[in-house]
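Asks: Structure provided below as structure tokens; questions to follow.
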Amino acid sequence: MNQKTKNLVGAGVFTAIVLVLQFLGGTFQIGGLNINVSLVPIVVGAAIYGWKVGAWLGLVSGGVILIAGQAAAFLPVNPLGTVITVLVKGTLCGLIAGLVYTALSKKNQWVAIIMAAIVCPLVNTGVFLLGCLVFFMETLNGWAAALGYESAGAYMILGLAGGNFLLEIGVNVVLAPVISRLIAIGKKK
């Protein structure tokens with residue numbers, strides 16, 4: 001099998017993994033926090049197959065989030081803003097994780113995968129928060145007041161992102177290098 005075919009098959013396998021994880025919720029709970037593990041195959045796929053596959057996997061993840069209703073709280077408020085935010089955050093997190101890995105892997109693959117694993121949820125959460133600022137600020141002000149937050153900004157950081165974001169980075173930093181290493185070992189056999 002030539003390299004192009006191997007890459008296409010690999011991208012297909014990672015697409016299937018992202019689809020399954022996202023449709024099954026892609027999360028597990030620690031206390032009251034939902035941790036999204038579907039970013040891990042995006043990071044690993046981007047590292048192995050490049051930024052284009054990373055962007056594709058992120059786009060697929062975003063598409064499933066929309067189809068499966070995981071963005072249901074935001075859709076009635078601003079449908080177009082929801083679609084833009086969800087698809088852009090997914091696509092950019094995979095694309096940038098792939099670019100970071102590619103840029104750093106020539107020097108040190110271990111550092112490259114860890115940095116890609118950090119950048120992916122950072123971009124995902126950052127673009128989500130920017131989307132909230134651009135498309136949902138009035139609604140977030142109402143939600144923040146109803147939940148007793150001092151401001152929409154405090155609600156966005158502490159309520160929407162906060163602990164989940166930190167745990168997602170931790171999960172990515174632990175799992176992405178391990179999975180990448182196992183795949184590399186498997187490829188050598």
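Read-outs throughout are calculated quantities, based only on the coordinates presented, and are distinct from any laboratory measurement. What you see is a predicted model, and the numbers here were worked out from it, not measured in a lab. Here the Cβ positions follow ideal geometry from the backbone for every residue, glycine too, while neighbour counts run over all protein chains shown.
Asks: At a Förster distance of 35 Å, what's the computed FRET efficiency of K52 paired with A72, Cβ-Cβ distance as r, to 0.05?
Replies: It comes out at approximately 0.70.
Asks: Can you work out the Karplus-derived ³J(HN,Hα) for every residue in the range 122-128? Use 6.51 cos²θ - 1.76 cosθ + 1.60 with θ = phi - 60°, whole Hz, and x for glycine or proline.
Replies: Each residue of the range 122-128 in turn: 5, 5, 4, 6, x, 5, 4 Hz.
Asks: For the range 148-154, what does the Karplus curve 6.51 cos²θ - 1.76 cosθ + 1.60, with θ = phi - 60°, yield as ³J(HN,Hα) per residue in whole Hz, taken in order and with x for Gly and Pro?
Replies: Per residue, the Karplus-derived 3J(HN,Hα) values read x, 7, 5, 8, 5, x, 5 Hz.
Asks: What residues of the range 84-112 lie in the reach of a label at A146, counting those whose backbone N is under 14 Å from a point 7 Å from the Cα along Cα→Cβ?
Replies: none
Asks: Starting at the first residue of the range 73-78, write each ³J(HN,Hα) from the Karplus equation 6.51 cos²θ - 1.76 cosθ + 1.60 with θ = phi - 60°, in whole Hz, x for Gly and Pro.
Replies: So the Karplus estimates, Gly and Pro as x, are 5, 9, 4, x, 6, 7 Hz.
Asks: Then there's this: Could you check which residue among V83, V100, V123 shows the biggest mean-square fluctuation in a GNM of the chain with a 10 Å Cα cutoff?
Replies: Residue with maximal mean-square fluctuation among V83, V100, V123: V83.
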